[in-house]
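Novice: Following this message is one structure expressed as structure tokens.
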Amino acid sequence: MLWLTQQDLFEWSLVQGAEMGLPHQFMSGNVPFLQADRALIGLVQGLALLLLAWLASLKIRQLVQANVLSRSRARLLRVILFLGFFLTWEVALHVSLDRIQETYIPDPVAFWKANPKLAATANASRKGVVGLNRAPQPGLFDQDHTGAKPADTIRIAFMGDSQVISSGSDVYAGKSTYPKMLESDLATSGLRGPQGQRVQVINAGMSGHTSWQGLMLLRSEVLPLQPDVLVEAFGYHDSNWALSHDHEVLTDSLALWRTRTVLYQSRVFLLLRTLMLRRQANLNDAAAEKDQVQRVPPKQFKRNLQALLDLGEKHSFRVVFLLEPLRDPQDWQRTRWHMEAARELAREKNIPLIDGFEPFARMSQPDREACFDDAIHLNRAGHKILAELVRDDLRQAGILVLPGSKTNPPLPSSLP
């Protein structure tokens, strides 16, 4: 285990699923490891306690051999010693590590979700320990509209991966993200809901999430916010290569959810889980190409989108598909079947589709690169362009209207 903590692994990659002992796990891409120095602290504590427990066990054996202690009482003391070792280690980890604030916390449904306490300082994404906050809390960075929905108001929720929430070095860039830019624009442009309602925009994106995790997060975190419109922007992480499919690990089994809920309360478990994930990351890197699959294949991706539509029908919200813009041609090729699956379902079901991909793909390479921080993350200029595309397409779909206007004349750019 000590060797695992010293491996020079990229801190921004992780395998999930190891906590259930599943034979197939996969890279999620965007959840931080327990850093090596903090893992080492926890292991040193455990080894010190193990040494003390071993010495106590030797003393018990000596007492039995000297006929000072009966064998039945010795067995009882060994059980107490065994339980005491883990209990003391658990307490030690609570004391030494609970002060650390992490960007993401484990979630028994979606595997990880946001720690909103770090919304203001979310750029510290590569620091801290995954899962050391025990108190239940909302799992979205955007906390602007978490209460009951006001009267005469509609809510538009955006769900997707880190492109929805990140810009520059900020994991959650707040008002610099295209959903929140859209919300700012509504006040200046005068756009409202179909019946003249005020519009609130909720940014429910999550780094590394696929459409399957989005389904889980929608059920647990977003539905209670009563969205009237859901804009989904998944696909990039769905197409990532892994050792197993999402649905094989991110099961929505009630029994599994309850098991994870209990296990995630243990700091010892979370420490050992991190070491398992490090080891699995090495295995994933060394896996042959023939042993890898896409996290969510296109057919499953289409089924997940259909499940979103079914939830929309059940809970009375409208679904809009959004195709993510990408910078590099190799990513265009990898995600093309997922994009086509979304297009196909949108045609079949007459679902509004915002094509954020094509306008960026048609740009010259220098102009396109000027809109991105890396292969997927937009900078402020890129978010501004996408916000305008989203605004105009939502108007075209009748979700946003200009009160008193019988047509949809183009609006001048009023985005920051």
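Novice: Out of all the residues in the stretch 161-178, which are closer than 20 Å to residue 326 by Cβ and part of a helix (DSSP H, G or I)?
Specialist: Those that are closer than 20 Å to residue 326 by Cβ and part of a helix (DSSP H, G or I): 162, 163, 164, 165, 176, 178.
Novice: Let me ask something else about it. Which is modelled with pLDDT under 95, aliphatic (A, V, I, L, M) and under 19 Å from residue 332 (Cβ atoms), of 361, 375?
Specialist: None of the others qualify; the one that does is 375.
Novice: Let me ask something else. Scan the stretch 73-86 and report the pairs whose first residue is touching a residue at least 24 places away in the same chain (Cβ under 8 Å) and whose second residue is hydroxyl-bearing (Ser, Thr, Tyr), with Cβ atoms within less than 9 Å and a gap of 6+ or a chain change.
Specialist: Listed by first residue and then by second, the contacts come to 81/57; 86/266.
Novice: Tell me which residues, restricted to the stretch 342-383, are closer than 25 Å to residue 173 by Cβ and polar (S, T, N, Q).
Specialist: Of everything in the stretch 342-383, those that are closer than 25 Å to residue 173 by Cβ and polar (S, T, N, Q) turn out to be 365, 379.
Novice: Regarding residue 214, is this residue part of a helix (DSSP H, G or I) and under 22 Å from residue 382 (Cβ atoms)?
Specialist: Spelling it out, residue 214 is indeed part of a helix (DSSP H, G or I) and under 22 Å from residue 382 (Cβ atoms).
Novice: Exactly one of (1) at pLDDT 95 or above; (2) not in a helix (DSSP H, G or I) is unmet by residue 181. Its number?
Specialist: Only one criterion in (1) at pLDDT 95 or above; (2) not in a helix (DSSP H, G or I) is unmet by residue 181, namely (2).
Novice: Search the stretch 140-188 for residues being acidic (Asp, Glu) and either in contact (Cβ under 8 Å) with a residue 60 or more places away in the chain or more than 25 Å from residue 315 (Cβ to Cβ) (or both), and hand back the single one that is surrounded by the fewest Cβ atoms within 10 Å (Cβ to Cβ).
Specialist: 170
Novice: How about the stretch 341-399: which of its residues are small (Gly, Ala, Ser) and touching a Lys or Arg at 6+ places or on another chain (Cβ under 8 Å)?
Specialist: The answer is 341, 342, 361, 375.
Novice: Look through the stretch 378-416, keep the residues that are more than 23 Å from residue 319 (Cα to Cα) and of a type in the set (Lys, Arg), and return whichever of them is modelled with the lowest pLDDT.
Specialist: 406
The values are calculated or read from the model by the stated rules, or taken from the named source; none is laboratory data. All of these numbers come straight from a predicted model, not from anything done at the bench. Positions of Cβ are backbone-derived with ideal geometry, glycine not excepted, and every protein chain shown enters the neighbour counts.
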